[in-house]
Amino acid sequence: MTTPGPDVLGWRGLDAFVRRGEVWEGEHLLATLGPTAPPSPWPQALAWPEGAEGEVMALDVETTGLGGAGSAVFQVGLAWREGERVRVRQLLAPDLPAEGPLLERLAALWSERRIRLVTYNGESFDLPFLRARARFHGVRLPLPPAMDLLSHTRRLYRDRDGSCRLTHLEATRLGHPRGDDLPGSLVPQVYYESLRRGDPTLLEPVLRHNAADLVATLGLVWRVAHDLAAPPDPSRHPADLFGLYRTALAAGDAHSARRALEACLAAGPPPHLRRLALSRLSRLLRAAGDADARHVLWQAAAHAPDAPPEHLEAWAKILEHERRDPLAARAVAAAALARLRAEARALGTAPDPAREQALRRRLDRLERRLARRSPAAPA
Amino acid sequence: MHLSQVLDRLAHDRAFGEQVADWRVLPAEPARRRPLPPDLDPRLADRLRSRGVVDLYVHQAEAYALARAGHNVVTLTPTASGKSLGYALPVLQTLAEDPHARTIMLFPTKALAQDQLAWLRGDLAALGSDLAVGTYDGDTAPAERRRLRRAGHIVLTNPDMLHAAILPHHTQWVHLFENLRYVVLDELHTYRGVFGAHVAQVLRRLRRLCRFYGSEPRFLATSATVGDAEAFASRLFDAPVRVVRENGAPRGERHVVLLRPRLIDAHAGVRASASALADDLTVRLVESGVATIVFCRSRQSVELHTRALKARLGEGRVEGYRGGYLPSERRAIEAALRDGSLRCVVSTNALELGIDIGALDAAVVVGYPGTVASLWQQAGRAGRRGEVSAVFLVATPAPLDQYLADHPAYLYGQSPEAPAINPDNRYILMDHLKCAAFELPFAPDDRFSVATTPEMLDALARAGILRLAGGRYYWATEGYPAHGISLRSGPGENFVVIERTDAGPRVLGEVDRPSAPTLLHEQAIYLHGGRTYQVEELDYPERKAFVRAVDADYYTEAEMASRLDVLRLEEELHADGVGAALGEVEVSFLPTMFKKIAFETRDNVGWGPIHLPEEHLPTMAAWWTLPDPLPGPPARTASALAGCAHVLSAVAAFFLMCDPRDLGVASQVRDPRTGVPTLYLYDMTPGGVGLAEAAFRRGHELFAAALERIRACPCDAGCPSCVGPGRESDAKDGAAELLTRWERALSLARAAGGR
Ligand SMILES: [Zn+2]
């Protein structure tokens, strides 16, 4: 199953490498993935750390294990855009003693110009790993300011994509299913095997995997930027609009969060997402003290022809507690109970007893209140 | 009834008195104190005074002074003597002077670490709110782990965590390693045998990392009173130590009663049952309202006593407690003891260390627990603050017990027992070299304190586990070496006992690997909670035994056949035709058959075969030869040699501070290797944990003690208490003759060698 895609266009393999002392260093000029230009203006939600400026550089490291002092960094990949292309620079420790020199070389590269790093899961893996290894070797390695794209894609894409693995998003969001790729979990094994056999050509798949990750990371930066910059238009996918809401919520931007949810609901979401969006929007409106909007929201939700019983119930609650209209509340609660039973009947099961009981209790309460309220019957 | 009254009645009971070999009353002793050290930080002194500590016991003051002078210190004191303050004070004072200083405190169990945390936290708070202390073990929450890694000034943990979680992740503990000033080890004497050999390696790894980070911690330890603590500790630490022996703590009056069941048949040396005597005494104590703990040597005997006591005291008034019970069962028993709802518990030494069960009034120790230190620790379970307590040691017919009954003074004076340790067991060393290489590549001059390190590293590199590159050995395999290495017989090695019931299978308990062939072979009777289960199926590769509850009136005992081959001679000496040697051997074991023994009569009521594979044990052995056999038929010498082996292994266990089961013995009239009568004593742990070596070096003492035991035994012609049961009629005389020849020659050799 070898389908070399654009990720290997321009890929030169080990031929690209030259020796610099113990460290091997190679450069490739590869094709980009994703949007061909950044959005303008750059979205606020994808802000760089305070004071970060300079070249945007993707970083991805390959290691001999997941942790512990015996796991080493043996390869560091850096990538940045050059016109229509991506420049990938890879540092390789062809044997274990070269780890220290590799880190020294990396420090030298980073000291040449101002850099902003972008990583995929770098906050929990690549950067702490580099920091620990540099300290272990006594190498001064100041880390440039960094943005971890994973935290953004998790908010933005997880409702539609499920998985936020880089290769998965590369396929769904950059339209590029990765071809013959080495799974990351096999990297340590391949490296040790190359040491045992003294054969660096075995590392070719690792280097290509690393380069492909870098190209995808850079492509995703602009993809995410575009998706965040574009207005919350109901023509967009409802799950993506919900992702916009998650992003806005994390940024503490209630206004954008509300707009994203409204767009999500207008975009015709599937039932589970609809329920989720409704409850989140209701929560936002309550926090904002906008009772009227909440009323309108649930009224509309309850009047949808396929409204589930819990929407009717939510509407009944608002009628009862906020609108102080027990008569209408009773009617809606009764409709909710009828809907709950009808739903169960359609499925050939019994209604959920807890929910049924909750609705019955609400109805009883409303009945009592109405009885108290109505003028006493003449004796 | 108060314990004093019960003791008074016992003292006037003639039938009981006949069986008392020794009864001493250790008088209450006042404290001996010293003022708080003058250099102590005023904040610390104030804090101590606020919790009632206005001065120190002499041993605390001495430990403090030695630690402050930069020595490694071991304090030998009994339990509950305030020993913790002796090591905590220098640590706290150092923190008062340098808030960057770090300390690791190691406890052999999680319970012991937890015990220290509260008061340490209070004392530390007196020095500043930014000083942190915490326990780092398997139960520690992730956020607390991060906090301790970043800023734990005092980290309380156990050797297992240090080995598997801290050392391999030292790059996350940089502040700790750069500033490590003290490593505290509590209950140092527990770090002997296999566990000790592992811990010695873990400490080597720790010191190696400290050198890398530029720190040089001192070791502060406490230990039960053992012989030759200085040599033991300095081997464990690879460094000279100073020992504090004088104890200044006060104590309440304690009665120590050594019981030897009466002779039934003086001629054959047969005594009444120790178990029955212990049970009678326990019933008497418990029924008089004395809260009592019964200590037994083995799991099997915990079960037998629990069964017998339940029958006499009634269900619910006594519980068994041992390793192999599920944690939930154990927690429930501990709680019932603490709140006083349970007044009697039968336990193995599982209850010795750190587990909080409150204090009981009396301890009944059935059979000498193997070490004097352990006996005192068990005795320490009885005795509420300042009140009268009692410990009864019931001697069994085992030669070791009888030896002690001959020499009750050993319990009080200078004990001849000395813990053995072998920090160079090659299997254990090999495991830890892997861990060490994972932590830090090996440079050529990095010897890890062992001469053979270069060869071993080379072997690991040839096996592809390490890689020699740029002059250093690097870890070069996937995985994480510490995960596969347990410092004790880890849970992965245990056999799980699963009960088959009509409601489906349920886990009943666990059995350690070495005991499995003899306890869990098919048809064996497995005892748990005083009930009998029969093993229906043993899945040896999967380490599972399936049992079913049965109502058996017997239990089973397995027999093993063994063979010994000498692989390499390491050291030998000759004197007067007698030889002594030390070397590597391989012992092969084959379980052969089991006997069925009736609970009531202890009669042999049947037998059956065992079908299990042969096991091989590469280990260290000491052996001794004689120039020629005794006159007469070879069987005479064979019987005498077997008698020597029986008594020698018992006294060796006493001198070397190990369990008799840690030692194996074998003997041959015409040994295939030496051609003459030969007696072997070997380590039961692969590679040896120093017992054979210590036996070789202390041969003259062992043979003298063995001879003494035989001569002191009142029997006519040999009994279980000296040369063992079922020997030729003159085995006792024969054994005495052989031992005399050995003893004389070895003493001469020792005098000549100046050793
Ligand atoms: Zn005897």
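For this structure, a couple of remarks:
- Candidates B:ASP716, B:ASP733: the one that is open to solvent by 70 Å² or more (accessible area, probe 1.4 Å) and assigned to a helix (DSSP H, G or I) is B:ASP733.
- Number of residues in region B:278-290 that are open to solvent by 20 Å² or more (accessible area, probe 1.4 Å) and assigned to a helix (DSSP H, G or I): the value is 3.
- Helices (runs of 4 or more DSSP H) contained in region A:268-349 and holding at least 2 residues over 29 Å from A:ARG246 (Cβ atoms) and assigned by TED's automatic domain parsing to the domain that holds A:HIS255: A:326-347
- Test: A:LEU96 is of a type outside the set (Ser, Thr, Tyr) and either away from chain B (no Cβ under 13 Å) or open to solvent by 40 Å² or more (accessible area, probe 1.4 Å) (or both): no
- Applying the criterion of being outside any strand (DSSP E or B) and at pLDDT 85 or above to the residues of region B:353-368, the residue that is surrounded by the most Cβ atoms within 10 Å (Cβ to Cβ) is B:TYR368.
- Criterion applied to B:ASP576, B:ASP551 was being open to solvent by 60 Å² or more (accessible area, probe 1.4 Å) and in contact (Cβ under 8 Å) with a residue 60 or more places away in the chain, and the one residue passing it is B:ASP576.
- Restricting region B:695-713 to residues that are within 16 Å of the ligand (Cβ to nearest atom) and without any contact (Cβ under 8 Å) to a residue 60 or more places away in the chain, the residue that is least open to solvent (accessible area, probe 1.4 Å): B:LEU707
- In the set (1) within 14 Å of chain A (Cβ to nearest Cβ); (2) modelled with pLDDT under 85, the condition left unmet by B:ARG145 is number (2).
- Filter pass, B:PRO725 being away from the ligand (no atom under 16 Å from the Cβ) and either open to solvent by 10 Å² or more (accessible area, probe 1.4 Å) or within 14 Å of chain A (Cβ to nearest Cβ) (or both): no
- Filter result for the condition that a residue is without any contact (Cβ under 8 Å) to a residue 60 or more places away in the chain and assigned to a strand (DSSP E or B), over B:GLU571, B:GLU557: B:GLU557
- Being within 23 Å of B:PRO250 (Cβ to Cβ) and not charged (D, E, K, R) holds for only one residue in B:ALA390, B:ALA332, B:ALA336, B:ALA350, and it is B:ALA390.
- B:GLY227, sole failed condition from (1) open to solvent by less than 10 Å² (accessible area, probe 1.4 Å); (2) assigned to a loop (DSSP other than H, G, I, E, B); (3) within 21 Å of B:PRO99 (Cα to Cα): (3)
- Residue match in region A:75-91 (condition: touching a residue at least 12 places away in the same chain (Cβ under 8 Å), surrounded by 17 or more Cβ atoms within 10 Å (Cβ to Cβ), within 14 Å of chain B (Cβ to nearest Cβ) and closer than 25 Å to B:LYS434 by Cα): no
- Hits in region B:435-459 - residues which are over 19 Å from B:TYR213 (Cβ atoms) and modelled with pLDDT of 95 or more: none
- Residue under evaluation B:VAL676, criteria (1) away from the ligand (no atom under 16 Å from the Cβ); (2) over 23 Å from B:PRO261 (Cβ atoms); (3) not in a loop (DSSP other than H, G, I, E, B), criterion not met: (3)
- One residue from A:ALA134, A:ALA171 being open to solvent by less than 30 Å² (accessible area, probe 1.4 Å) and of a type in the set (Gly, Ala, Ser): A:ALA134
- Tally of residues being outside any strand (DSSP E or B), touching a strand residue (DSSP E or B) at 6+ places or on another chain (Cβ under 9 Å), surrounded by 22 or more Cβ atoms within 10 Å (Cβ to Cβ) and away from chain A (no Cβ under 14 Å) across region B:168-192: 6
- The residues on offer are A:PRO234, A:PRO309, A:PRO238, and the sole one that is out of contact with any Asp or Glu (no Cβ under 6 Å at 6 or more places or on another chain) and either β-branched (Val, Ile, Thr) or within 26 Å of A:ALA342 (Cβ to Cβ) (or both) is A:PRO309.
- Look at region B:472-488: where a residue is over 16 Å from B:ARG205 (Cβ atoms) and within 8 Å of chain A (Cβ to nearest Cβ) and a partner is among the polar types (S, T, N, Q) and surrounded by fewer than 18 Cβ atoms within 10 Å (Cβ to Cβ), sitting 6+ places away or on another chain with Cβ atoms under 7 Å, you get B:GLU478/A:GLN189.
- One residue from A:LEU102, A:LEU127 being within 14 Å of chain B (Cβ to nearest Cβ), in contact (Cβ under 8 Å) with a residue 12 or more places away in the chain and either surrounded by fewer than 21 Cβ atoms within 10 Å (Cβ to Cβ) or basic (Lys, Arg) (or both): A:LEU127
- Selection from region A:25-66 of residues that are without any contact (Cβ under 8 Å) to a residue 60 or more places away in the chain and either within 14 Å of chain B (Cβ to nearest Cβ) or part of a strand (DSSP E or B) (or both): A:LEU29, A:LEU66
- Test: B:LEU156 is surrounded by 21 or more Cβ atoms within 10 Å (Cβ to Cβ) and assigned to a strand (DSSP E or B): yes
- One residue stands out among those in region B:235-268 that are within 20 Å of B:LEU7 (Cα to Cα) and assigned to a loop (DSSP other than H, G, I, E, B): the one that is most open to solvent (accessible area, probe 1.4 Å), which is B:ARG262.
- Filtered residues of region A:254-293 (kept if open to solvent by less than 20 Å² (accessible area, probe 1.4 Å) and over 23 Å from the mean Cα position of the chain (by Cα)): A:SER282, A:LEU285
- Qualifying residue in region B:402-417 (condition: in a helix (DSSP H, G or I), in contact (Cβ under 8 Å) with a residue 24 or more places away in the chain and within 14 Å of another protein chain (Cβ to nearest Cβ)): no
- Only one of the numbered conditions (1) under 15 Å from B:VAL497 (Cα atoms); (2) among the hydrophobic types (A, V, I, L, M, F, W, C); (3) within 26 Å of the chain's Cα centre (by Cα) is violated by B:MET560, and that is (1).
The values are calculated or read from the model by the stated rules, or taken from the named source; none is laboratory data. Predicted model, so just to flag it, every value in this text is computed and none were measured. Methodologically, a virtual Cβ is constructed for each residue, glycine included, from the backbone with ideal geometry; neighbour enumeration extends over all protein chains shown. To get the accessible areas, we keep the full protein, side chains included, count just its heavy atoms, and leave off ligands, DNA and RNA. Shrake-Rupley method; radii C 1.70, N 1.55, O 1.52, S 1.80 Å.
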